[in-house]
Amino acid sequence: QGQLVESGGGSVQAGGSLRLSCAASGRIYSINVMGWYRQAPGKQRELVATITSGDITNYADSVKGRFTISRDNAKNTVYLQMNSLKPEDTGIYYCNAAQSGLGYLPWGQGTQVTVSS
(Lines give C-alpha, C1' and ligand atoms only; values in the text may rest on other atoms or scores of the structure.)
Protein backbone atom coordinates (compact mmCIF):
# COMPACT_ATOMS: atom_id res chain seq x y z
CA GLN A 1 0.00 0.00 0.00
CA GLY A 2 1.13 3.52 -0.68
CA GLN A 3 2.14 5.94 2.00
CA LEU A 4 2.55 9.69 2.45
CA VAL A 5 5.44 11.38 4.21
CA GLU A 6 5.28 15.08 5.07
CA SER A 7 8.26 17.28 5.87
CA GLY A 8 9.30 20.91 6.13
CA GLY A 9 7.47 22.08 9.22
CA GLY A 10 9.06 24.20 11.92
CA SER A 11 8.74 27.24 14.13
CA VAL A 12 8.70 30.74 12.67
CA GLN A 13 7.66 34.21 13.70
CA ALA A 14 4.59 35.85 12.27
CA GLY A 15 5.26 37.11 8.76
CA GLY A 16 7.73 34.34 8.05
CA SER A 17 7.64 31.58 5.45
CA LEU A 18 7.85 27.80 5.32
CA ARG A 19 7.70 25.28 2.51
CA LEU A 20 6.13 21.91 3.17
CA SER A 21 6.67 18.81 1.07
CA CYS A 22 4.76 15.55 0.90
CA ALA A 23 5.92 12.54 -1.08
CA ALA A 24 3.79 9.54 -1.96
CA SER A 25 5.66 6.26 -2.22
CA GLY A 26 5.11 2.51 -2.24
CA ARG A 27 2.30 0.88 -4.17
CA ILE A 28 0.52 3.86 -5.71
CA TYR A 29 -1.48 4.32 -8.87
CA SER A 30 -2.45 7.36 -10.90
CA ILE A 31 -2.81 10.02 -8.23
CA ASN A 32 -5.48 12.52 -9.19
CA VAL A 33 -6.01 15.07 -6.44
CA MET A 34 -3.47 15.93 -3.78
CA GLY A 35 -4.15 18.24 -0.90
CA TRP A 36 -3.04 19.78 2.35
CA TYR A 37 -5.08 19.84 5.54
CA ARG A 38 -4.27 21.16 8.99
CA GLN A 39 -5.42 20.56 12.52
CA ALA A 40 -5.01 23.11 15.27
CA PRO A 41 -5.10 22.03 18.94
CA GLY A 42 -8.66 21.31 20.00
CA LYS A 43 -10.05 21.82 16.51
CA GLN A 44 -11.12 19.60 13.65
CA ARG A 45 -8.92 18.96 10.67
CA GLU A 46 -9.63 21.48 7.92
CA LEU A 47 -8.86 21.83 4.24
CA VAL A 48 -6.03 24.17 3.33
CA ALA A 49 -5.55 23.61 -0.40
CA THR A 50 -5.92 21.03 -3.13
CA ILE A 51 -4.44 20.54 -6.58
CA THR A 52 -5.46 18.22 -9.39
CA SER A 53 -3.15 16.38 -11.77
CA GLY A 54 -3.98 19.15 -14.26
CA ASP A 55 -2.84 21.84 -11.79
CA ILE A 56 -6.29 23.14 -10.94
CA THR A 57 -6.03 24.56 -7.44
CA ASN A 58 -8.43 25.35 -4.64
CA TYR A 59 -7.69 27.23 -1.42
CA ALA A 60 -9.39 27.88 1.88
CA ASP A 61 -10.36 31.53 2.13
CA SER A 62 -8.10 31.98 5.14
CA VAL A 63 -4.94 31.21 3.13
CA LYS A 64 -5.74 32.69 -0.27
CA GLY A 65 -3.02 35.05 -1.42
CA ARG A 66 -0.55 33.72 1.16
CA PHE A 67 -0.18 30.00 0.41
CA THR A 68 0.63 28.33 -2.89
CA ILE A 69 0.15 24.64 -3.59
CA SER A 70 2.10 22.92 -6.36
CA ARG A 71 3.04 19.40 -7.35
CA ASP A 72 5.58 17.36 -9.24
CA ASN A 73 3.66 14.52 -10.88
CA ALA A 74 6.82 12.65 -11.85
CA LYS A 75 7.86 12.54 -8.19
CA ASN A 76 4.33 12.10 -6.76
CA THR A 77 5.11 15.03 -4.51
CA VAL A 78 2.99 17.98 -3.45
CA TYR A 79 4.33 21.20 -1.96
CA LEU A 80 2.84 24.02 0.07
CA GLN A 81 4.63 27.36 0.05
CA MET A 82 3.40 29.36 3.03
CA ASN A 83 4.15 33.07 3.18
CA SER A 84 3.04 35.83 5.54
CA LEU A 85 2.37 33.24 8.22
CA LYS A 86 0.05 34.11 11.09
CA PRO A 87 -0.25 32.59 14.57
CA GLU A 88 -3.61 31.12 13.52
CA ASP A 89 -1.78 29.03 10.92
CA THR A 90 -0.29 26.98 13.75
CA GLY A 91 -1.14 23.30 13.66
CA ILE A 92 -0.19 19.92 12.32
CA TYR A 93 -0.23 19.87 8.53
CA TYR A 94 -1.21 16.68 6.74
CA CYS A 95 -1.33 15.83 3.08
CA ASN A 96 -3.58 13.41 1.29
CA ALA A 97 -3.79 11.91 -2.16
CA ALA A 98 -6.65 10.42 -4.10
CA GLN A 99 -5.87 7.62 -6.52
CA SER A 100 -8.13 7.49 -9.56
CA GLY A 101 -10.81 4.91 -8.85
CA LEU A 102 -9.05 3.58 -5.75
CA GLY A 103 -9.76 6.10 -3.04
CA TYR A 104 -7.38 7.93 -0.74
CA LEU A 105 -4.00 6.88 0.57
CA PRO A 106 -3.72 6.67 4.36
CA TRP A 107 -2.91 9.90 6.16
CA GLY A 108 0.75 10.57 6.85
CA GLN A 109 2.15 11.46 10.26
CA GLY A 110 1.88 15.18 9.61
CA THR A 111 4.37 17.96 10.15
CA GLN A 112 4.12 20.57 12.89
CA VAL A 113 3.95 24.27 12.01
CA THR A 114 4.20 26.78 14.84
CA VAL A 115 3.88 30.51 14.23
CA SER A 116 4.63 32.85 17.11
CA SER A 117 3.51 36.44 17.37
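The values are calculated or read from the model by the stated rules, or taken from the named source; none is laboratory data. Since this is a predicted model, take the numbers as computed values, not measurements. For neighbour counting, all protein chains shown are included, and Cβ atoms are generated from backbone atoms with ideal geometry for every residue, glycine included. For the accessible areas, the whole protein counts, side chains as well, though only heavy atoms, and no ligand, DNA or RNA atoms are used. Shrake-Rupley method; radii C 1.70, N 1.55, O 1.52, S 1.80 Å.
Would you be able to tell me the number of residues in the stretch 54-79 that are under 14 Å from VAL5 (Cβ atoms) and open to solvent by less than 60 Å² (accessible area, probe 1.4 Å)? Of the residues in that region, 4 qualify. Annotation note: of ARG19, ARG45, the sole residue that is within 25 Å of ALA74 (Cβ to Cβ) and either of a type in the set (Phe, Trp, Tyr) or touching a Phe, Trp or Tyr at 6+ places or on another chain (Cβ under 8 Å) (or both) is ARG19. All of SER21, SER84 fail the test of being open to solvent by 60 Å² or more (accessible area, probe 1.4 Å) and in contact with a Gly (Cβ under 7 Å, 6 or more places away or on another chain), apart from SER84.
Looking at the structure I just gave you, is GLY8 surrounded by 15 or more Cβ atoms within 10 Å (Cβ to Cβ), in contact with a Lys or Arg (Cβ under 9 Å, 6 or more places away or on another chain) and at pLDDT 95 or above? Spelling it out, GLY8 is indeed surrounded by 15 or more Cβ atoms within 10 Å (Cβ to Cβ), in contact with a Lys or Arg (Cβ under 9 Å, 6 or more places away or on another chain) and at pLDDT 95 or above.
Applying the criterion of being more than 12 Å from the chain's Cα centre (by Cα) and under 19 Å from VAL113 (Cβ atoms) to the residues of the stretch 24-44, the residue that is least open to solvent (accessible area, probe 1.4 Å) is ALA40. Scanning for something under 10 Å from the mean Cα position of the chain (by Cα), at pLDDT 95 or above and either hydrophobic (A, V, I, L, M, F, W, C) or within 16 Å of SER17 (Cβ to Cβ) (or both), does the stretch 56-65 turn up at least one residue? Looking for residues that are under 10 Å from the mean Cα position of the chain (by Cα), at pLDDT 95 or above and either hydrophobic (A, V, I, L, M, F, W, C) or within 16 Å of SER17 (Cβ to Cβ) (or both), one finds none in the stretch 56-65, hence no. A single member of SER53, SER117, SER100 is within 18 Å of GLY16 (Cβ to Cβ) and more than 12 Å from the chain's Cα centre (by Cα), and it is SER117. Scanning the stretch 66-95 for residues that are at negative phi and over 12 Å from the mean Cα position of the chain (by Cα) returns ARG66, ASP72, ASN73, ALA74, LYS75, ASN83, LEU85, LYS86, PRO87, GLU88, ASP89, THR90.
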